[in-house]
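Enquirer: Pasting a structure below so you can have a look.
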Amino acid sequence: MSTQEVENVKQVKLDFDAECPSCSASIEFNPATGKLSCPYCGFESEIATPEQEEEKAAQEMDFLTAEERGNFNWGVEKKTVTCEACAAETIYDALQVADSCPYCGSHQVMEASAENTLAPNGVCAFEVTDKQAGEHFQKWIKGRLFTPKAAKISARPDAFKGVYLPYWTFDTKTSSRYSARYGRHRTVTDKDGKTHTETDWYSTSGFYQEFIDDHLISATTRYDQNMMRKIEPFNLLNNKAYKPEYVSGFLSERYSIGLQDGWNHAKRDIHDHLQAQITSKIRWENSADVVSNLRFSTNHDDITYKYLMLPIWLSSFRYKEKIYRFMVNGQTGRVGGDAPISPLRVTIAVILSLLVIAVIWYFFMSE
């Protein structure tokens, strides 16, 4: 390693390494039992539960007092990780913060803190095993309407990789003042006996409040965001205060989208949600048929956040020399990903749809 590389390397000492007292191998978290277990000799160990109730789950953190708020450029930074079991040193992409030692197999996990970054304060542990993830995948691909039958029969996922990905959740009390126009439709008959619809317009204004609880924002840019949204939701209430034992044996990533940018993303989502809620409120209160020109401004109070690690199984399969990647929610088994599409099946579906529309139109015109 060059002198410059040494200067750029971040020295990290990991704070947990569980050695099996029976065979000295590394024990890892077992989603099936919720315990630490040894994959070699079968030894199991309970994970200690905090005595204080407030220490059992991730606590809400005050957004305004958070010190580290920026993004982190994990793409260029490197670090050296030292294995406590065999003292081997390994160079990592700084984004990858939990792995197994390539020399002795000891499970290295996310360190409690790192310079210029926040530490996670909660984890939703794996509840779905890799075997169960494979079963969920088989059900998912069999249900893909436009996927060729040959792909459904032959698709076999590669080895699953369990990953804890970083997410922000935000709570906020919202108070919005709004103004808008709403319309009520009425049917009018002209002098020729023909009917048409006219709309009477009215102005309105008001006040709307809502508490937003655990709005979820992905904190990584490494994975396909559309695919990640397909495997949501997660059971965020079933989280635990972060302990390295829960991520033992799995890869973990620190955030690349920082707290401030995460909140900016959340505010845009919340704005869209409030717009829909206020529109519904105006329609219900005024028996309106349509709402237009809605304008509103929102104050956010008591903003809190959690930095959670959420469980995902990653894998892929090959069909006709092409790789298709997919994810499985490590809590629910929900699958999202890519699958082959048969042009013939799509064509048949389009033709059938057009035939149905033509039949409906024929009977409509006949009447």
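Enquirer: Sequence-distant or interchain residues sharing an amide H contact under 5 Å with I47, placed H: which?
Expert: L36
Enquirer: I've got another one for you. I'd like to check one number: the per residue accessible area of the range 219-367, probe 1.4 Å, reported in Å² as a whole number.
Expert: 54
Enquirer: No solvent, one uniform scatterer per C-alpha: report log10 I(q)/I(0) for the range 199-267 via the Debye equation at q = 0.14 1/Å, two decimals.
Expert: -0.67
Enquirer: Let me ask another. Give the long-range amide H neighbours of T298: residues separated by 5 or more places, or on another chain, with amide H under 5 Å away, using H modelled in the peptide plane at 1.01 Å from N.
Expert: Counting only residues 5 or more places away or on other chains, the set is empty.
Enquirer: In whole percent, and with a 1.4 Å probe on the protein chains, what portion of the accessible area of the range 139-297 is carbon and sulfur?
Expert: Working: 3990 of 8490 Å².
The C+S portion of the solvent-accessible surface of the range 139-297 is 47 percent.
The values are calculated or read from the model by the stated rules, or taken from the named source; none is laboratory data. Just so it is clear, the model here is predicted, and its values are computed rather than measured. Ligands, DNA and RNA are excluded from the accessible area calculation, which covers all protein heavy atoms including side chains. Shrake-Rupley method; radii C 1.70, N 1.55, O 1.52, S 1.80 Å.
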